[in-house]
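For reference, the structure discussed in these notes is given below.
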Amino acid sequence: MDGYLATGAVYINEKSERGVAGLTSDEYQAVFDKHINYTRKAGNRFSHWAFDCLWAVALCLNNTSRQLQAQGGKLEDFQYDNEEYTHTMFDTMTATNFLGTKGQVVFDEDGSALSRQRVAQFQNGKVVTVAIFEQNEDHATTRKFLDPFVWKTPESRPPRDGVQVIRVSEHVTKEVYIVMSLLASCGILLSLVFMACNIAYRNLPAFKLSSPLLNNIILLGCILGYGVAFVEHAGAPTQMSGHGADDVDDTDDHALLILCSAKNFCLASAFSLAFGALFAKTWRVHVIFTSMVTNKKNLIKDRQLILMVVVLVFINVAILVIWEVVDPRYVRRLLLSPQE
């Protein structure tokens, strides 16, 4: 509760100024309290307004009487159907301007009293008037700061005006990303070890029979597949502050589109290399065991199988390129239900 702000009308003049009645606000309050025998009622705070209203009526009647006398008329001759008297009294009321017990009393051109407003703050268990806003007959607003604001915030700064909305993107958590990256790194390292063994011992009979060149193509596809794990989290915005989706920079969207496209091409190429080479080796074994040719040593060469893998990679990449051209991807943000 401490520190809350409130606005409302000004009931008394905070300054010790003597008004048209020759009394300050405190002196009038003392006379009023004595007159009502110090009884407290809900409407007592409006007594200053009522007192100033009576003075406004009295001053208006006095000024109207003088104007009518100057025109050869009398206030006692006032009739409700006499428009001249009515306009004279109305003009006199709008011109009335005096210092009352609640402050300066001023009327606008419509005859409405221009009230003074205050901004109060609850400080250390009591309400403190911080500022006063008042208007003159030209509707120009002036403000007077009486006491400083007290903010219960870091560095004593004013709090935010409204609810602060922080947009957070939903993506793979950092912990899961680290674990998956470590597993992918182990897979890449193991693939490199196997690839090095295939190259170092490629002339051994056991390695020759397994087609080390196609084995390396399979391992290359595995390395590309494991590498997608690092692209999955890269470039994802961790936090977006603001009140709308337009607050995010367009460069983030462009980088995100590039990463998505790179991930798709890597996955397609990895699948084509790994399973394409594996399929080619299996197909060659099938042909060897089902062929009726006696000399099966050079029945299907490695370059034919590599060409088959290249065709598979080309087909998948061509499909992705046509997809990017015909129906390019775009970024669309879906705002989920707010969470406190």
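The values are calculated or read from the model by the stated rules, or taken from the named source; none is laboratory data. Just so it is clear, the structure is predicted and the values come from calculations on it, not from any experiment. Each accessible area value is taken on the protein alone, full model and side chains, heavy atoms only, with ligands, DNA and RNA left out. Shrake-Rupley method; radii C 1.70, N 1.55, O 1.52, S 1.80 Å.
To the nearest 10 square angstrom, what accessible area does C53 show with a 1.4 Å probe?
C53 has an accessible surface of roughly 80 Å² with all protein chains in place.
With everything on Cα atoms, drop me the angle between helix 250-290 and the longest principal axis of the chain, reported from 0 to 90° to the nearest 10.
Once rounded, one gets 20 degrees.
So what is the relative contact order of the range 15-128, in percent, for Cα pairs below 8 Å that sit 6 or more residues apart? Display every interim value, and only then the final one.
Numbers: 94 pairs, mean separation 28.5, N = 114.
It comes to 25 percent, rounded to a whole number.
Taking a 1.4 Å probe, which of R329, R157 shows the most accessible area, and what order do the others take after it?
I get R157, R329, largest accessible area first.
If V313, V325, V20, V10 are ordered by their accessible area, calculated over protein heavy atoms with a 1.4 Å probe, which sequence runs from highest to lowest?
V325, V20, V313, V10
Rolling a 1.4 Å sphere over the protein heavy atoms, what is the accessible area per residue of the chain, to the nearest Å²?
About 69 Å² of surface per residue is accessible.
Can you give me the P(r) profile for the range 150-213? Cα pairs, bins 5 angstrom wide beginning at 0, each as a whole percent.
3, 13, 10, 9, 7, 7, 8, 7, 6, 5, 4, 4, 4, 4, 5, 2, 1, 0
Relative contact order for the range 39-100: what is it in percent, counting Cα pairs under 8 Å that are at least 6 residues apart?
Working: 23 pairs, mean separation 23.7, N = 62.
It rounds to 38 percent for the range 39-100.
Helix-only estimate, please: 222 nm mean residue ellipticity of the chain, summing -39500 (n - 2.57) across DSSP H runs of length 4 or more and dividing by its residues, to the nearest 500.
About -17000 deg cm²/dmol.
Roll a 1.4 angstrom probe over the protein heavy atoms and tell me the percent of accessible area of the range 25-104 that is carbon or sulfur.
56 percent
Tell me the angle of helix 212-233 to the major Cα principal axis of the chain, expressed in degrees between 0 and 90 and rounded to the nearest ten.
Compared with the principal axis, the helix lies near 10 degrees.
In terms of the ratio Rg/(2.2 N^0.38 Å) built on C-alpha atoms, what value belongs to the chain? It would help to have the intermediate numbers written out before the result.
On the way: Rg = 44.4 Å, N = 340, 2.2 N^0.38 = 20.2 Å.
For the chain, the normalised Cα radius of gyration is 2.21.
Over the chain, calculate the relative contact order: mean separation of alpha carbon pairs under 8 Å at least 6 apart, over the residue count, as a percent. Write down the numbers at each step before the final one.
Values: 359 pairs, mean separation 43.1, N = 340.
Computed over the chain, the figure is 13 percent.
With everything on Cα atoms, drop me the angle between helix 83-94 and the longest principal axis of the chain, reported from 0 to 90° to the nearest 10.
60 degrees
When the solvent-accessible surface of protein heavy atoms is calculated with a 1.4 angstrom probe, in what order do W283, W55, W323 fall, highest first?
W323, W283, W55
Using the alpha carbon gyration tensor of the range 1-147, what are the three equivalent-ellipsoid semi-axes (square root of 5 times each eigenvalue), largest first, in whole Å?
34, 19, 12
At 1.4 Å probe size, with no ligands or nucleic acids counted, give the accessible surface of I315 in Å², nearest ten.
80 Å²
Using only protein heavy atoms and a 1.4 Å probe, report how much of Y11 is accessible, in Å² to the nearest 10.
Number for this one is 60 Å².
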